[in-house]
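J.: Have a look at this one before I ask anything.
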Amino acid sequence: MALRSNLDLVNESDNFPYYADDPDKFKALGNGYYHFYLEGCGACLGYMTASVVERMPLTRHWRLDKADRRLVFQPRDDQGNPVVDLDTRSHILAGYLQDVRERRLFGVLDGWRSEQYPIYGPQRELVLSMERSATPLFGVVTYGVHMTGYVETEQGIKIWAPRRALTKPTYPGMMDNTVAGGLSTGEKPFDCLVRECDEEASLPADLVRAAAQACGTLTYFHVRDARAGGETGLCQPECQYIYDLKIPPDVIPKPGDDEAIDFQLLTVQEVRQAMAEGRFKPNCAHLLVEFFVRHGFLTPENEPDYIEIVARSHRKLEFPTP
């Protein structure tokens, strides 16, 4: 098995093509997608595969423009008037997606989470909330928090890495960041981090609030493969809020829910070996590459792709963000 380089790991996470790298491939791929719009919102909110659009039931709340390759959500009230209220149009979308789920039209909806994810417009305004498991169908930007928990030892930094449960519908059995979770509508990143630290790793809230350090964001544009569960080829642009947490040696993370099998305390070399062997979930490996840059393990002297790796950790996404 060929080992992955650090740039390979970035490429696996941020795998939607760049126009500058291959204009023809970018245009061909872009022409194959439909653009998801909300009526009254001037910006494209996501990319949808043609196979998804073709299976989407078209009710009075939807308009398909095949010529311009657009699917437009146009929520209507009982009198046929446009709905402009955020909560009402999100409620209409929720009912529609629940019906689609019950008809079992898309495998990705088997992972239904009953969590609402935010979608933003061109003025950074919240324009819609959508069921988490449906977001890849529409290719909208999603948000989350990822934290690397580490311990300073006489042998150097060691990192707490969990293994994902074998029952998870996405990337079962793969290795993960110490704590990671999705950001729901109305939730602030740090509050999400504190909640996820408790739920996933049984880490005390007072430790997290006192010691967690905000370290920026990681943005990338991922195209899903079979490991993600459900349909393949779905677009998943993401923005992760990054945190580091120095964990005292006597604090041991433990699974607090069914998300992880266990936690392993690994040396930097052990983590890098597991990454090179492809044992980490792709976006988690990407985040750890960024962690190693920030902490000086990857430098211009020892990493030939240093400039591209750093740039690719902060991709400018094609869609509105807050």
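The values are calculated or read from the model by the stated rules, or taken from the named source; none is laboratory data. Quantities reported herein were computed from a predicted structural model and do not represent experimental measurements. Glycine also receives a Cβ, built like all others from the backbone with ideal geometry; neighbour counts cover every protein chain displayed. Accessible surface areas use protein heavy atoms only, side chains included; no ligands, DNA or RNA. Shrake-Rupley method; radii C 1.70, N 1.55, O 1.52, S 1.80 Å.
J.: Being hydrophobic (A, V, I, L, M, F, W, C), at pLDDT 95 or above and in contact with a helix residue (DSSP H, G or I) (Cβ under 8 Å, 6 or more places away or on another chain) is the filter here, so list the residues in the range 227-259 that pass it.
T.: Residues satisfying the conditions are L234, C235, I242, L245, I247, V251.
J.: With the requirement that a residue be farther than 26 Å from P322 by Cβ and either not assigned by the TED database to the domain that holds V293 or not in a loop (DSSP other than H, G, I, E, B) (or both), what does the range 241-268 give you?
T.: Across the range 241-268, the qualifying residues are K246, A260, I261, D262, F263, Q264, L265, L266, T267, V268.
J.: While we're here: Looking at the structure I just gave you, is E238 outside any loop (DSSP other than H, G, I, E, B) and under 30 Å from Y37 (Cβ atoms)?
T.: Spelling it out, E238 is indeed outside any loop (DSSP other than H, G, I, E, B) and under 30 Å from Y37 (Cβ atoms).
J.: Any residue in the range 294-309 that's under 21 Å from T219 (Cα atoms): show its pairings with residues that are assigned to a loop (DSSP other than H, G, I, E, B) and charged (D, E, K, R) at Cβ separation under 9 Å, as long as the two are six or more apart or on different chains.
T.: Cβ pairs passing all conditions: I309/E303.
J.: I would also like to ask the following. Would you point out which residue out of P204, P172 is in the same structural domain as H286 (by the TED database), out of contact with any Pro (no Cβ under 6 Å at 6 or more places or on another chain), in contact (Cβ under 8 Å) with a residue 40 or more places away in the chain and open to solvent by 10 Å² or more (accessible area, probe 1.4 Å)?
T.: P204
J.: Continuing with the same structure: Considering only the range 138-226, give the strands (runs of 3 or more DSSP E) lying wholly within it that have at least 3 residues that are under 17 Å from the mean Cα position of the chain (by Cα).
T.: Qualifying strands (runs of 3 or more DSSP E): 142-153, 179-182, 213-223.
J.: Just name the residue that is nearest to Y96 (Cα to Cα) out of those in the range 6-47 that are part of a helix (DSSP H, G or I) and open to solvent by less than 20 Å² (accessible area, probe 1.4 Å).
T.: Result: S13.
J.: Can you name the strands (runs of 3 or more DSSP E) wholly within the range 48-128 that have at least 1 residues being in contact with a helix residue (DSSP H, G or I) (Cβ under 6 Å, 6 or more places away or on another chain)?
T.: Those strands (runs of 3 or more DSSP E) span 70-73, 116-120.
J.: Looking at A67, is it farther than 15 Å from G121 by Cβ, surrounded by fewer than 12 Cβ atoms within 10 Å (Cβ to Cβ) and aliphatic (A, V, I, L, M)?
T.: So A67 passes the test.
J.: Among (1) charged (D, E, K, R); (2) free of Cβ contacts under 8 Å to residues at least 24 places away in the same chain; (3) in contact with a helix residue (DSSP H, G or I) (Cβ under 8 Å, 6 or more places away or on another chain), where does R224 come up short?
T.: That leaves (2) as the condition not met.
J.: Have a look at V140, V145 and point out the one that is open to solvent by less than 30 Å² (accessible area, probe 1.4 Å) and touching a helix residue (DSSP H, G or I) at 6+ places or on another chain (Cβ under 6 Å).
T.: Matching residue, one of V140, V145: V145.
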